Amino acid sequence: MSETVPETMPDAAAAGLSRAGLEAAAYARLFDRVSAGRGNAEPGRMAGLRREAMTRFGELGFPTKRLEDWRSTDVRAIAESSFTFKANASAVSEADCERFRYPNTHELVFVNGVFRADLSRLDTLPEGVVISTLERAWSEHPDLVEPYLGRHAKFDNHAFVALNTALHESGVFVFFPRNAVVETPIHVLHLGLGTDAPVACFPRSLFVAEENSQGRIIEQFATAGEGDTAGRHFACPVTEVVLAPNAVVDHYKLQRESTGAFHMATFQIYLERSSNFCAHSISWGGGLVRNDVNAVLDGEGCEATLNGLYLVEGKQLVDNHMRVDHVAPHCDSHELFKGILEGQARAVFNGRIFVHKGAQKTDAKQTNRNLLLSPTALVNSNPQLEIFADDVRCTHGSTVGQLDELGIFYLRSRGIGEEAARSLLTYAFCADIVQRIRDKMVRRDLEEFLFRRLPRGEVVRQAV
């Protein structure tokens with residue numbers, strides 16, 4: 001199949017089959033066409049994995065609210081929409097990318113899931129480091145890709161992981177070899193751009209850090225262009241991260257798509273002995289957003305930090321589903337997610353810490369805090385612990401509240417207007433997440449967004 005020819009999925013409402021049957025049939029036809037175009041270009045294992053995933057999606061269908069994990073998030077708008085595939089990828093220019101770029105990074109740019117080499121920047125890499133598209137990595141470094149791709153992000157019970165595994169076309173592969181320290185951050189920019197019909201893409205990322213290596217990765221999902229049709233797209237990314245013993249990786253995800261976008265993401269992390277993984281997930285875009293984040297601490301002495309901040313307004317919905325599996329002893333995990341909601345926005349936080357039998361001396365903390373700036377905003381927060389070891393320290397907590405009126409009164413008594421006082425307190429609420437971001441470019445980007453977003457942001461800028 002030509003990369004510039006869109007494949008159209010039929011409209012569910014226009015057919016007489018059951019919704020589940022129609023979904024499976026539509027995506028199965030798309031899968032057959034894409035597979036025929038791909039021919040024998042992929043190794044046998046990958047082709048087999050794709051077929052298994054497509055079959056599993058046909059069995060699962062899109063999740064419904066009857067499933068416990070999806071009872072607060074309705075994805076019918078995705079299931080009942082028609083999408084084109086790999087369309088409009090050439091319509092993005094250098095100027096469209098400029099506002100999303102970070103200086104002094106290795107950068108790969110994808111538009112509607114299609115790699116754009118002309119917009120990407122890959123400077124000289126340290127010996128042994130690989131940063132490339134996934135399909136090129138399959139061809140040039142199959143020994144580095146094959147042991148990891150699809151090994152940790154399971155599609156048995158997750159329809160969107162199954163869809164991604166079956167249909168992903170272009171993707172990212174990053175490999176830090178043993179003892180490598182990569183100082184320059186790696187920036188992966190995924191741009192969505194709609195047409196008259198929404199566009200679907202299935203980005204796949206695989207990041208592997210070998211023993212004693214270190215690196216920093218920034219993944220950014222954004223919408224290019226302006227206008228109503230520009231924001232109508234559906235991103236279904238899956239990212240797998242594998243850390244060998246003593247590896248250290250910092251990861252940042254910025255999700256800033258238009259409010260017309262759907263974003264269904266899975267982030268799977270696997271840590272071995274004494275490795276350290278630190279992630280920050282920032283969501284302020286998208287109309288319907290779901291982030292499934294799963295970390296498996298499978299080696300003694302490893303540490304995972306999973307922080308997040310979401311800011312939603314209007315009728316946006318963001319759903320963060322977290323699961324941390326403590327499999328080995330003497331491991332630490334830290335989770336802090338904060339949300340700021342306005343208008344009729346909704347948020348879901350579902351966090352589970354699972355301490356397996358034998359994972360003694362586990363130290364796990366999970367906190368979700370939410371600030372409601374309107375009476376019609378709503379949060380469903382559900383932190384959970386499941387512990388099967390007897391010598392652990394695990395805590396979890398959740399809060400939902402409004403701005404402190406006494407604090408607003410205090411600031412106003414010092415000559416600060418009410419709007420600016422509210423913005424100062426709102427910024428203070430999320431400041432500890434902002435300050436924990438070690439990458440200066442990402443932190444500055446988030447600060448500038450907050451100064452623009454908050455009323456009287458110039459007062460906040462002067463105060464901090």
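The values are calculated or read from the model by the stated rules, or taken from the named source; none is laboratory data. Treat the numbers as computed from the prediction; the structure is a model and nothing was measured. Here Cβ is always computed from backbone atoms with ideal geometry, including for glycine, and neighbour counts include all displayed protein chains. For accessibility, only protein heavy atoms count, side chains too; no ligands or nucleic acids. Shrake-Rupley method; radii C 1.70, N 1.55, O 1.52, S 1.80 Å.
Net charge within 10 Å of ARG438 by Cβ-Cβ distance, Lys/Arg positive one each and Asp/Glu negative one each, not counting ARG438 itself? My count for the surroundings of ARG438 gives +2.
Normalised by the number of residues in the stretch 376-464, what is the relative contact order in percent for Cα pairs under 8 Å and 6+ residues apart? Across the stretch 376-464, relative contact order equals 22 percent.
For the chain, the dipole from Cβ point charges (+1 on Lys and Arg, -1 on Asp and Glu) about the Cα centre works out to 800 debye, to the nearest 20. Using the 1.4 Å probe convention, the accessible area of the stretch 288-428 works out to 42 Å² per residue with neighbouring protein chains retained. Is the chain best put as rounded, prolate or oblate by its Cα gyration tensor, with a ≥ b ≥ c the root eigenvalues, rounded for a/c under 1.5, and otherwise prolate when a/b is larger than b/c, oblate when not? Rounded, because the longest to shortest axis ratio a/c is under 1.5.
Extension gain, ARG121 to SER139, is 4.4 nm, computed as 0.36 nm per intervening residue step minus the present C-alpha separation.
For ALA295, the residues whose modelled amide H falls within less than 5 Å of its own, excluding neighbours fewer than 5 places apart on the same chain, are ILE269, ARG323, VAL324, ASP325.
Its Cα centre serving as origin, the stretch 115-171 has a Cβ charge dipole (Lys and Arg +1, Asp and Glu -1) of approximately 220 debye. Computed from the C-beta positions of ARG101 and ALA25, the FRET efficiency with R₀ = 41 Å rounds to 0.50. Multiplying the residue separation of LEU385 and PHE449 by 0.36 nm and subtracting their alpha-carbon distance yields 19.6 nm.
Computed on the stretch 226-328, with alpha-carbon pairs under 8 angstrom and 6+ residues apart, the relative contact order is 27 percent. Note on the chain: with neighbouring protein chains present and a 1.4 Å probe, carbon and sulfur make up 48 percent of its accessible heavy-atom surface.
In the complete set of protein chains, residue-level accessible area for TYR410 is approximately 120 Å², probe 1.4 angstrom.
Net charge of the neighbourhood of HIS190, taken over other residues with C-beta under 14 Å away and scored Lys/Arg +1, Asp/Glu -1, is +1. Going by accessible surface with a 1.4 Å probe and the largest first, LEU425, LEU309 read LEU425, LEU309. Contact order, relative form, for the chain: 9 percent (alpha carbon pairs under 8 Å, 6 or more residues apart, mean separation divided by residue count).
The helix-based estimate of mean residue ellipticity at 222 nm for the chain, built from -39,500 (n - 2.57) per DSSP H run of four or more residues and divided by its residue count, is -7500 deg cm²/dmol to the nearest 500. How high is the FRET efficiency between ASP32 and VAL464 when r is their beta carbon distance and R₀ equals 56 Å, given to the nearest 0.05? Efficiency for this residue pair is about 0.55. Packing order of peptides 169-177, 299-307, 91-99, highest average first: 169-177, 299-307, 91-99 (average count of other Cβ atoms within 10 Å over each peptide's residues). Accessible area per residue was computed with a 1.4 Å probe on protein heavy atoms; GLU419 scores about 100 Å². Within the chain, antiparallel bridges make up roughly 5 percent of the DSSP beta bridges whose residues both belong there.
Taking each of LYS65/LYS253; LYS86/LYS253; LYS65/LYS338; LYS365/LYS440; LYS357/LYS440; LYS86/LYS440 in turn, the alpha-carbon distance tops 30 angstrom for LYS357/LYS440; LYS86/LYS440. Okay, which of the stretch 242-282 sit inside 19 Å, backbone N to the point 7 Å along the Cα-Cβ direction of VAL181? Hits in the stretch 242-282 for VAL181 at 19 Å: 244-251, 274-278. Ignoring aspartates and glutamates fewer than eight residues from LYS361 along the same chain, the ones with Cα atoms less than 12 angstrom from its Cα are GLU300, ASP332, ASP390, ASP391. When the surface is traced with a 1.4 Å probe over the full set of protein chains, GLU335 keeps roughly 10 Å² accessible.
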